[in-house]
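Q: Below is a structure I'd like to ask you about.
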C-alpha cells in the first residue's frame with residue numbers, strides 16, 4: 001500500500017473562505033463570506049449566481065459583545081448592515097452606494113449595533129445597541145430608529161444587562177425579545193418578553209412569556225400567521241414551543257437540542273414555510289437537518305453533512321444552510337424537502353481523501369462515575385503499537401467539538417499522532433443537566449475529564465500511556481494549565497491564547513463574558529495563579545501581542561514564574577486568534593516539535 005504524504009503546514013495555514021449568517025428574501029440567498037481582506041456580503045440568485053453586494057472598502061461585522069453576529073438585514077427593497085470599520089449602520093437601496101443611518105459616536109466604536117429588524121409597515125429599524133462610555137462602562141439596550149437615518153435612535157427597552165433577538169410580529173403590533181442579567185449567560189438563564197408597540201414606537205403592556213434564572217430561552221420568531229415560537233430548555237433540552245393563549249405548546253420536543261449556545265447574534269435553527277415550522281437543525285455531537293411533516297413527525301434528510309451552522313432560511317420552497325463533514329469544508333447549500341441539494345458556494349483545498357481520517361465518537365467514564373464524550377481520530381497509518389495522543393480541550397468553555405473537517409487535527413494524524421477532542425462536562429449538545437455540570441467546577445471537571453479520556457483511550461489500546469499531550473485555546477488553554485498543574489497524565493502541554501487567572505481575567509474580559517468565570521468558578525477557590533508552580537511538564541504558550549480577550553501580560557507573568565518549564569511565543573499584531581498564514585505555519589511546526597519531544 002502506497003504511503004500517504006503528511007498534510008503540509010502550508011495547506012492547514014492557507015487562508016480559506018468562511019461562510020456565515022445565511023438569510024433569504026424570496027428565492028434570493030445572502031450570506032457573509034469571510035475573506036482575508038474582511039467579511040463581505042454576498043447575494044445569490046438562480047439567474048446571476050453569486051456576487052458581492054457592497055462596494056469595495058465596506059465590510060460587514062458587528063462587535064456587540066465582541067463576538068458580534070446579526071450584522072445585516074436583507075429585505076425586498078433595502079439592505080442594512082453594520083460596517084466593520086466604524087460600527088455604524090448603513091442602508092443600501094436599488095444598487096446605490098451605502099448611506100449612513102446612525103449618528104457618529106463620540107469616539108470610534110463607542111456605539112455598536114446588532115440584530116437588525118424592520119418594523120412592518122413603519123420603515124423603522126429595531127435593534128440591539130451597545131454603548132461604550134469608557135473601557136469598563138458598557139450598556140446594552142434596544143433602540144428604534146428610522147430606516148433612512150432621518151432621526152437618531154431612541155431607547156425602547158433598557159435596564160437589564162443584555163438584550164438579544166428583538167422580533168416584531170408580522171402586523172407590527174407587538175415586539176418579542178430576550179434579555180438576561182449577570183452573572184448568568186444566556187444559556188444559563190434568560191427571559192423572553194412580549195410588549196405592545198405604540199404608534200411612537202414605545203412599548204407598553206410588558207409580559208413575561210418564558211424563562212428565568214433556571215430556564216434558557218432563545219430564538220423567538222413569529223410564524224407568518226402571528227404565532228410566537230421560541231426555544232426553551234425547560235424540559236432539560238433546547239426544544240421548540242409555540243406561545244398560544246398565554247401558555248406554551250410543544251412543537252418539536254425530545255431528548256435532543258434544536259439550538260446552539262448563543263455566543264453570537266442572529267442564530268436561526270428553525271424555519272417556517274407558510275404558517276408551519278418546516279425545518280430544524282437537530283444539534284448534538286452530530287447535526288441533522290430535519291423536516292417536519294404535516295402530522296408533526298420529524299424526518300431527517302439524508303444529507304452528507306454532520307455539522308450544520310446555526311443559520312437556516314427558507315429560499316422559496318428550498319432550505320438554505322451551511323453544511324460540512326469530516327471530509328468537506330463548509331459550503332452554502334440549498335436543500336429540497338426530498339433531500340436533493342444544490343451547492344451555492346464552497347472552498348476547495350484539493351485534499352487527497354486518502355490523507356484524511358474520520359473521527360469516531362466515544363463515551364468514557366469519569367473518575368466520579370459520570371459519563372463524558374469525545375471524538376477520536378486514529379493516526380492515518382497504523383504502526384503496530386499504541387500511538388502518541390494529543391488531547392484537545394475546546395475553546396468554550398460552553399462549546400463542543402463539531403464533527404467536521406478539522407485540518408489542525410488532520411495535520412497531526414497524518415504524522416502518526418492520534419487526536420482526541422473532548423466534550424467535557426459543560427459542553428453543549430447533551431442537554432441542560434450536562435451543560436450545567438461545569439458550574440463551580442471550571443478548572444477541575446474539564447481538566448479531569450480530559451485526563452480521564454486519555455486514560456480510557458490508553459486502557460483500550462488507542463493511545464500510548466507514556467506519550468500523551470494536551471492542547472487548548474482560550475478557555476481551553478485554561479483547561480490545559482489546570483490539567484498540567486493537577487495531573488501526571490500528560491507529558492507536555494500546549495496553550496494558545498490562554499485564559500490564565502480567572503479573577504484578573506474577569507476584570508478585563510468583555511462585558512458579555514466578564515461574569516462567566518464567577519458562575520463557573522465561584523465554588524472552586526484554587527486558580528492557576530496559586531497552582532502554576534506545580535506545573536513541571538514542558539508547556540508551550542502561544543499568544544497574540546494584541547489579544548484583547550486574554551491580555552498578554554497575564555501569560556507573560558505566568559511564563560516568568562514557570563521559568564524553563566515553559567516556552568512563550570508572542571505573535572506580534574495577532575489578536576485572540578492568529579490568522580496570518582505564515583504565523584500559523586510557524587506555530588504548527590513549533591507545536592509538532594514540542595509534541596515530538598515526548
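Q: Given the residues 334, 303, which is the only one that is modelled with pLDDT of 90 or more, surrounded by 12 or more Cβ atoms within 10 Å (Cβ to Cβ) and not in a loop (DSSP other than H, G, I, E, B)? Break it down stepwise before answering.
A: Values: 303 fails: not in a loop (DSSP other than H, G, I, E, B).
Among 334, 303, only 334 is modelled with pLDDT of 90 or more, surrounded by 12 or more Cβ atoms within 10 Å (Cβ to Cβ) and not in a loop (DSSP other than H, G, I, E, B).
Q: Filtering region 407-429 down to residues that are under 23 Å from residue 489 (Cβ atoms) and out of contact with any helix residue (DSSP H, G or I) (no Cβ under 8 Å at 6 or more places or on another chain), which residue is surrounded by the fewest Cβ atoms within 10 Å (Cβ to Cβ)?
A: Going through the qualifying residues, I end up with 416.
Q: Just to be sure I understand, how many residues within region 68-85 are within 19 Å of residue 56 (Cβ to Cβ) and surrounded by fewer than 16 Cβ atoms within 10 Å (Cβ to Cβ)?
A: Going through region 68-85 one residue at a time, the tally reaches 1.
Q: Can you name every residue in region 15-44 that is part of a loop (DSSP other than H, G, I, E, B), out of contact with any helix residue (DSSP H, G or I) (no Cβ under 6 Å at 6 or more places or on another chain) and either without any contact (Cβ under 8 Å) to a residue 40 or more places away in the chain or within 22 Å of residue 349 (Cα to Cα) (or both)?
A: Scanning region 15-44 gives 16, 17, 36, 37.
Q: Further question on the same structure: Scan region 251-279 for residues that are within 17 Å of residue 322 (Cβ to Cβ) and at pLDDT below 90 and jot them down.
A: Across region 251-279, the qualifying residue is only 279.
Q: Further question: Condition first: buried (at least 21 other Cβ atoms within 10 Å of the Cβ), in contact with a strand residue (DSSP E or B) (Cβ under 6 Å, 6 or more places away or on another chain), assigned to a helix (DSSP H, G or I) and in contact (Cβ under 8 Å) with a residue 40 or more places away in the chain. Can you find one or more residues in region 465-476 that meet it?
A: For region 465-476, residues buried (at least 21 other Cβ atoms within 10 Å of the Cβ), in contact with a strand residue (DSSP E or B) (Cβ under 6 Å, 6 or more places away or on another chain), assigned to a helix (DSSP H, G or I) and in contact (Cβ under 8 Å) with a residue 40 or more places away in the chain: present.
Q: Same structure, new question: Does region 162-171 include one or more residues that are closer than 23 Å to residue 71 by Cα, modelled with pLDDT of 95 or more and part of a loop (DSSP other than H, G, I, E, B)?
A: yes
Let's see how each residue does on (1) in contact with a helix residue (DSSP H, G or I) (Cβ under 9 Å, 6 or more places away or on another chain); (2) touching a residue at least 40 places away in the same chain (Cβ under 8 Å); (3) within 30 Å of residue 173 (Cβ to Cβ); (4) not in a strand (DSSP E or B):
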residue: 103; (1), (2), (3), (4): no, yes, yes, yes
residue: 109; (1), (2), (3), (4): no, yes, no, yes
residue: 114; (1), (2), (3), (4): no, yes, yes, no
residue: 122; (1), (2), (3), (4): no, yes, yes, yes
residue: 128; (1), (2), (3), (4): no, yes, yes, no
residue: 141; (1), (2), (3), (4): no, no, yes, no
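Q: Outside the structural domain of residue 298 (by TED's automatic domain parsing), closer than 27 Å to residue 63 by Cα and buried (at least 17 other Cβ atoms within 10 Å of the Cβ): does that describe residue 251?
A: no
Q: Within region 452-461, does at least one residue satisfy the condition of being under 19 Å from the mean Cα position of the chain (by Cα), closer than 27 Å to residue 257 by Cα and in the same structural domain as residue 379 (by TED's automatic domain parsing)?
A: Of all residues in region 452-461, those under 19 Å from the mean Cα position of the chain (by Cα) come to none.
For region 452-461, residues under 19 Å from the mean Cα position of the chain (by Cα), closer than 27 Å to residue 257 by Cα and in the same structural domain as residue 379 (by TED's automatic domain parsing): absent.
Q: Those residues that are assigned to a loop (DSSP other than H, G, I, E, B) and either at negative phi or outside the structural domain of residue 476 (by TED's automatic domain parsing) (or both), I need them from region 411-441; list them, please.
A: 414, 415, 417, 424, 425, 427, 428, 430, 439, 441
Q: Across region 352-385, what is the total count of residues that are touching a strand residue (DSSP E or B) at 6+ places or on another chain (Cβ under 8 Å), in contact (Cβ under 8 Å) with a residue 60 or more places away in the chain and part of a loop (DSSP other than H, G, I, E, B)?
A: Of the residues in that region, 3 qualify.
The values are calculated or read from the model by the stated rules, or taken from the named source; none is laboratory data. Treat the numbers as computed from the prediction; the structure is a model and nothing was measured. With ideal geometry, Cβ positions are generated from the backbone for all residues, glycine too; neighbour counts draw on all protein chains shown.
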